[in-house]
Each structure stands twice: as structure tokens, then as C-alpha cells.
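Notes to accompany the following structure.
Read-outs throughout are calculated quantities, based only on the coordinates presented, and are distinct from any laboratory measurement. It should be emphasised that the depicted structure is a prediction, and the values quoted were computed from it without experimental measurement. Cβ sites come from the backbone with ideal geometry, for glycine too, and all protein chains shown count toward neighbours.
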Amino acid sequence: MAINGIGSYGLNSLYSYQSSINSLRLSQALSRNTKLNQSYSSSYPSRKAAMNADISFVKDYSSKMTNLMNAANELKSSNRSGAMSDLAITSTNNDVATASGKLLVKNDKEYKLDVTQIAQAQVNASEGVKASDYAKSAMNFTVGDGKNSVNVSVGTVKANGGSKTNAQMLKEAADQINKSKVGVTASVVEKDGVASLQLEGKETGEGKTFTVSGEQLGAAAGVENVKTESANAKYSVTADGKTTEYETDKNNVSIGYYGVSVELKKAGEATLKAGVDSGSVASALGNLVDAYNSSLKFLNDNYDKGSGVSRQLRNMISGIGSEQSLKQLGITVNKDATLSFSKSTFEKNMQKNPSLTKELISGMGGVADRMFNKATSAMNVSSSSLVNGSSQKSFSGTSSSSSSLESMATNPYSVLGMYSRGGAYNMSNYYAVGMMMNYLI
């Protein structure tokens, strides 16, 4: 493996990044050149300050473009650890079943799910009474689940001597049940002025039952009657042309994929398959828009700094993608050329047409490729062109030909320009950079 720049790591597309870094190192080396600094201090007091400002600007420029490059790389299909490679399990019908979990390796297998019955808990409900009427009798009954039981006892008179309403009676009964260890949850259901006591088992599945006994039910009359029987979930899974039937007392099941959880919601059909995690992609796409807007603002604010900045600004705002393509991704172009991103629009379009949306993001010529190329192009701009509209003027000092030559010999960015005209293949060479730094310091 040749040690001749960042290409040693197999990242040829990032050659230009190392070029800019090495340019920056040489600039810093020049700033520590004692003779050069003395010349600035004696002849042109503002030169050193201007040069330091330019070095700071190049650092900021490199940081902005690196952030944009990294944000774009997160969405490139070639990035195996990026958002587009973050596979999650999705359900084609979330009303029937939802799926959660991620895959470590690509798996194209689909599982067809047919739910005929979800697991249910036993539900009992009283007949219902007028909520605002005063209670006619006390309540005294027992609720048991086979392991634990609770005796519910509620009188009709309040502590201050007033009478309780039916709704108040039912509320006190529910509170006593919920505070006990019996495996039942109690609630008061009130609609159109009619209140009833509803009891629901805490566990689903056949055999998970409870009983209500007692002769004094009062406002909760009828609560001993079962409204919904406890039941097991029943479903079938079809994969590779083979159908297998299952029955379980839970609605949370595992189907096919290792480490994937499926929640059965209601009877119906759904297909489970692996795909990109739309949440992760939406987050990465939002980060890309933010990085682009930040880079664009930086370039716009420093438009007159140098010809390289103005060229990059023009390059940045052109060829992002068609309006229709960006709209599919939930991206709109604002009047000031910045971008806006709608996560809800993206996720809606992703669910409606996932293959098209993925292609527009990470396919060849997709938004990730375009942004990445813009960032790498920006990193390939020579340092001298980034600042040739500002401090270069303070370096020249005079218009005479001899002074101009002297300025070119002492201006760090002119020096760097002479060595970097060959582009990344020169400036990314560690040996060349080292020799130049030794010479300059």
C-alpha cells in the first residue's frame, strides 16, 4: 500500500480532501516562518493579521464542506454503515400487524401473514345506570382470578351524610379493584349520561379468566356476565410457498426474522419484509439539508473572499435535482436557494413508492451523489483561489513589477498555488508536503 495520500485508504473520492488539509498545514507552516513574519511586521503590519484571517477562513470552509460530505455519504448506497443500509422490518398493513426490529444482514424473504383471531382478555360489563341518579342500594361483591380475590364494598352514604350517585358508586368500586392484586383492570364507562362498570383481565389467552360473585351488586348489576371471552391468537404465515398455522395466548409474536417482534392488531392480511428504516433515512435527509443550507450561507456570506468561493457558490446552487424529484423527497427550494425538508411528506411518499424514493436519494445521480460531488469539488478548490479577493491585496502593497514578484514569493497562498496546480495528486503526497514544510519553517 503506497503512502501517497488519502487514496491509501481506498477512498479515492476523498483525494481532494487530503489536498485541502495539506494546503492548510503548509499555510500554518508559513505562518510560523520567523523571517516571513518579521518581514510582515516591519513592512506591512496588516499582513500577518490578514494571513491569520485567511487561515481561519480556510479552516471554516473545510469544516463546512466536510460536514456536507459526511451528511451526503450517510445516504450513499455504497456506505454499508449508512442510513440506506439500516434495514428494518416493515408491515404492509399496520392495522393488522406492526413489526419492529432491525436486520444485521440483507434478507429479501417476504412473509405473508393471515390473522384470523387476535389474543383477547376476558371482559365483563354491567348493564348501565343513569350516572347522575342517587344509588338505591349498596354494593358488596367479590372479584377473583383463581389466584387472588378482592371484596368490593361500597355504601350509598358519603362521609358528610349526603347520598352518592351511581357514577360515584361505580368509581369507588373500580378504585378498590385496581388497588388490589387481582388480575383485573376496572374502569367506569360513561356515555350519554349512562354509566357502567367494565372489568378486563390483565392477561390474554384461553384459560385466563376471572369471576364476579355476590348478591349485592347495586349500580354494577350485570357485571358478573361475560361480554368477551378470553381467546388465543390464531394466524398463519406463508414463506417460500409453504403455509404454517400458529396459535398463542399473546399478540406479540416472532415471525421468521431473528430479533424481530410482530404485534397482532386485528384479523386481516399483511406482508412482512425487510427495507430501509424510513425514520433513520428521514433523519439523515434532514441532516443533509441542514448541512447544505449551512454551507450555502457560509459561501454567500463570503462571496467576495476569492474567486474559488464564488465559483463554488454557483456550483452549489445548480443541479441539485428536478423540482419533481425533490418534492418526492419532501424537499422544496426556497427563494433564497436554501432548502426546506418535510419529514411527514417524505415518510408518506416513502411508504407509497419506496423504490422510487430510495432511487432518488441514493441511486446514481440521486441527491446524495449530487451533494457528495459538490462537497468533494469544493474540497478540490485551491487555497489561493479561496482568498485571492481579500488578503492578497494587502500582500501586494505596490503595483510595481518587482514588488509583485516579491509578493508572490512571500504570499503563502501564492507559494501553495505553485505547488498545488497539479491538484490532489500533488498536494495529497505526504512526502512532498513534509519536504515543503521542512523548507518553509
Restricting to aspartates and glutamates and to Cα separations under 18 Å from K76, and discarding same-chain partners fewer than 8 apart, the set is D86, D277, D290, E359, D369
Mind ranking 207-218, 284-295 by how tightly packed they are, going by the mean number of other C-beta atoms within 10 angstrom, highest first?
284-295, 207-218
Any idea how far apart S294 and S377 come out in nm if each label point goes 7 Å out from Cα toward Cβ?
2.2 nm
Just need the Rg to Rh number for the range 153-256, please, alpha carbons only, Kirkwood Rh.
1.18
Sequence-distant or interchain residues sharing an amide H contact under 5 Å with G306, placed H: which?
G389
List, in order, the whole-Hz ³J(HN,Hα) value for each residue of the range 308-318 obtained from phi through the Karplus relation with A = 6.51, B = -1.76, C = 1.60 and θ = phi - 60°; use x for Gly and Pro.
x, 5, 5, 5, 5, 5, 5, 5, 5, 8, 10
FRET efficiency, S344 to E215 (Cβ-Cβ, R0 45 Å, nearest 0.05):
0.20
Starting from the Cα of K109, move 7 Å in the Cα-to-Cβ direction to define the label point; list residues of the range 237-251 whose amide nitrogen is under 20 Å from there.
237-247
At what distance in nm do the modelled label points of Y303 and T92 sit from each other, each positioned 7 Å from its Cα along Cα→Cβ?
5.2 nm
Report, by chain and number, residues whose modeled amide H sits under 5 Å from the one on V194, excluding near sequence neighbours (fewer than 5 apart, same chain).
A131
Putting +1 on Lys and Arg Cβ atoms and -1 on Asp and Glu Cβ atoms, find which of S342, S318, S383 reaches farthest to the positive end of the dipole of the range 285-388.
S342
What are the ³J(HN,Hα) values, in whole Hz, obtained from phi via the Karplus relation 6.51 cos²θ - 1.76 cosθ + 1.60 with θ = phi - 60°, for each residue of the range 277-288 in sequence order, with x given for Gly and Pro?
7, 4, x, 5, 5, 4, 5, 5, 5, x, 5, 5
Given the peptides 133-139, 357-363, arrange them by the average over their residues of other C-beta atoms within 10 Å, most packed first.
357-363, 133-139
I need the peptides 120-127, 327-334 ranked by packing, meaning the mean over residues of other C-beta atoms within 10 angstrom, with the highest value on top.
120-127, 327-334
Zone of K147 (label point 7 Å along Cα→Cβ, backbone N under 17 Å): which residues in the range 203-237?
203-211
Spatially near lysine pairs across the range 155-231, Cα under 18 Å, sequence gap of 8 or more or different chains:
10
Taking the Cα centre of each part, how many Å lie between the range 243-296 and the range 321-384?
23 Å
Based on the Cβ-Cβ distance of A49 and V333, what FRET efficiency does E = 1/(1 + (r/R0)^6) give at R0 = 60 Å, to the nearest 0.05?
0.95
Here FRET efficiency (C-beta to C-beta, S137 to T228, R₀ 22 Å, nearest 0.05) is 0.20
Using modelled amide H (1.01 Å from N, peptide plane; none on Pro or chain starts), what sits under 5 Å from the amide H of E203, excluding residues fewer than 5 places away?
none
